[in-house]
1. Quick one: in the stretch 61-125, what % of C-alpha pairs are over 18 Å apart?
2. Expressed as an acute angle from 0 to 90° and rounded to the nearest 10, what is the orientation of the C-alpha long axis of helix 19-32 relative to the principal long axis of the chain?
3. Given points 7 Å out from each Cα along the Cα-Cβ axis, report the LYS4 to LYS27 separation in nanometres with one decimal.
4. R0 = 22 Å: FRET efficiency of TYR69 with LEU106, Cβ-based, nearest 0.05?
5. Normalise the Debye intensity by I(0) for the chain, one equal point scatterer per Cα, no solvent, then take log10 at q = 0.14, 0.18, 0.19 Å⁻¹ and round to two decimals.
6. Relative to the present Cα-Cα distance, how much length would full extension add between MET142 and GLN82 at 0.36 nm per residue of separation?
7. Please work out the FRET efficiency for the pair ILE93 and ARG59, using the Cβ-Cβ distance as r and a Förster radius of 25 Å; give the result to the nearest 0.05.
8. Viscosity 0.890 mPa s, temperature 25 °C: what is the translational diffusion coefficient of the stretch 8-50 from Stokes-Einstein with a Kirkwood Rh over Cα pairs, rounded to a whole number of µm²/s?
Amino acid sequence: MQDKETKRLYFQQYYQKNKVRMDNNTKRWRQEHPEKSRMFKRMYKHRNKIEYQKYVRNRVKKMRMELFYILGGPVCVNCRYQEDWRVLCFDHIRDDGREDRLLHNLNGYSFYLFYINNPEIARANLQVLCCNCNQIKKYDLMGYSKDGK
């Protein structure tokens, strides 16, 4: 009987040689068995919760950075702040974020996905603002002046 490392290497090499065929078979099976496929995906997410959360977090971070670069880079368009991308946010230029979310049923992940796949719409609808500039814009829209009145 072979040891585990030898088996692992064998299956890894086998997969590399037959990757296209195996991936096509998997894709076809998922299309033919959508309920079972969803069930296995849910089971995987449940069993590997921490790893799956890390994967999603990293994927959303990459998508966020990609959207920043579609919009001109991680720089506030108002004050030109660019020290830390974590304090930057996406702002709807015409303040139609609520309607946008209702129209496209956007949550965080699908928001990024929609605008990455439609960069022209992203450039027309979104801008990058730091949290301070975004809050100032919000208060200006509500009618508050700089002196608090």
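Coordinate-derived values only; no laboratory data. Keep in mind that this is a model prediction, so the values were computed, not measured. We place every Cβ from the backbone using ideal geometry, glycine too, and count neighbours over all the protein chains shown.
1. 33 percent
2. 70 degrees
3. 3.3 nm
4. Using R0 = 22 Å, I get an efficiency of 0.65.
5. Values, matching the q order: -0.90, -1.16, -1.21.
6. Working: separation 60, 0.36 × 60 = 21.60 nm, distance 2.68 nm.
Taking 0.36 nm per residue and subtracting the Cα distance, the gain is 18.9 nm.
7. After rounding, the FRET efficiency stands at 0.45.
8. Working: Rh = 11.9 Å.
Value of D from the Cα-based Kirkwood radius: 205 µm²/s.
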